[in-house]
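Report on one structure; see the data block that follows.
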Amino acid sequence: MGKSNSNTELVKLLKKGDMAAFDAIYNKYCHKLHAFVLRYLKQQEDAEEIVQEVFIKIWNSRSKIDIYASFESFLFTITYNATMSLLRKRVSEIKSKEYLKSLQQVNDSVPVIDELQFNELNNKLSYLLDQLSPRQKEIYLLSRENGLTHKEIAENLNITESTVNNHLVAVLKYLKCHIDNSLAANILFFYLFL
């Protein structure tokens with residue numbers, strides 16, 4: 001609860017244009033966001049660019065932030081959207097093949113996909129996530145996008161760790177059952193669950 005309260009106070013100050021509050025939020029989250037983006041893009045420069053872009057957006061839209069909503073969810077949603085936008089841009093560039101090969105060199109298990117496959121997979125995932133119950137989707141986002149542990153999710157939502165685990169197991173089974181082919185499934189689970 002302390003974390004939530006401290007965020008609320010910082011966000012209230014941020015909405016008023018308090019630079020000290022902005023700096024405190026930046027220092028609190030910049031490393032978490034950098035690690036989160038790096039999971040998707042595998043490039044230090046890209047991750048740094050995204051984190052800077054996110055905090056610029058936070059500052060510019062500070063007056064619109066809802067202090068009663070989860071600031072962390074808001075922050076990681078902006079980061080995820082910016083990351084996906086940059087990834088789509090990279091995939092669609094002329095040198096997309098070279099870029100994807102560079103990802104594969106980082107880890108030989110990375111499946112190489114083209115732009116069409118990526119867009120198809122991304123659209124499919126968005127559709128499937130919208131079919132989940134609100135609680136399942138919330139737990140999924142906190143785990144896979146915000147990078148929270150099962151214990152942290154349980155504390156945030158006031159539920160048990162076993163409940164968190166059960167929901168995530170159900171979500172993974174659901175997604176796996178509804179992905180059409182093995183290549184798409186491998187790509188999906190590499191990007192989302194490793």
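Observations, loosely collected:
- Look at region 149-165: where a residue is not assigned by TED's automatic domain parsing to the domain that holds R135, no partner that is assigned to a helix (DSSP H, G or I) and of a type in the set (S, T, Y) sits 6+ places away or on another chain with Cβ atoms under 8 Å.
- Qualifying residue in region 19-38 (condition: over 23 Å from E152 (Cα atoms) and β-branched (V, I, T)): no
- Flag for F36 being among the aromatic types (F, W, Y), at pLDDT 85 or above and assigned to a helix (DSSP H, G or I): yes
- The helices (runs of 4 or more DSSP H) found entirely in region 92-194 that carry 3 or more residues being at pLDDT 80 or above, more than 24 Å from H34 (Cβ to Cβ) and hydroxyl-bearing (S, T, Y) are 161-178.
- Taking the conditions (1) under 30 Å from I58 (Cβ atoms); (2) modelled with pLDDT of 85 or more; (3) in a helix (DSSP H, G or I); (4) outside the structural domain of E48 (by TED's automatic domain parsing) in turn, L75 satisfies each one other than (4).
- Here G17 clears all of (1) assigned to a helix (DSSP H, G or I); (2) over 18 Å from S143 (Cα atoms); (3) modelled with pLDDT of 85 or more; (4) not aliphatic (A, V, I, L, M) except the condition numbered (1).
- Near pairs, Cβ below 6 angstrom, 6+ apart or cross-chain, from region 33-46 (under 16 Å from K57 (Cβ atoms) and in the same structural domain as S73 (by TED's automatic domain parsing)) to any residue that is crowded, with 18+ Cβ neighbours inside 10 Å and not aliphatic (A, V, I, L, M): L33/T79; V37/T83
- Residues of region 11-46 satisfying the condition of being of a type in the set (D, E, K, R) and within 13 Å of the chain's Cα centre (by Cα): K32, R39
- When we screen V11, V51 for residues that are buried (at least 17 other Cβ atoms within 10 Å of the Cβ) and within 26 Å of K89 (Cα to Cα), the only hit is V51.
The values are calculated or read from the model by the stated rules, or taken from the named source; none is laboratory data. Everything numeric in this text was worked out from a predicted model, so none of it was measured. Quick reminder, even Gly has a Cβ in these numbers, built from the backbone with ideal geometry, and neighbours come from all protein chains shown.
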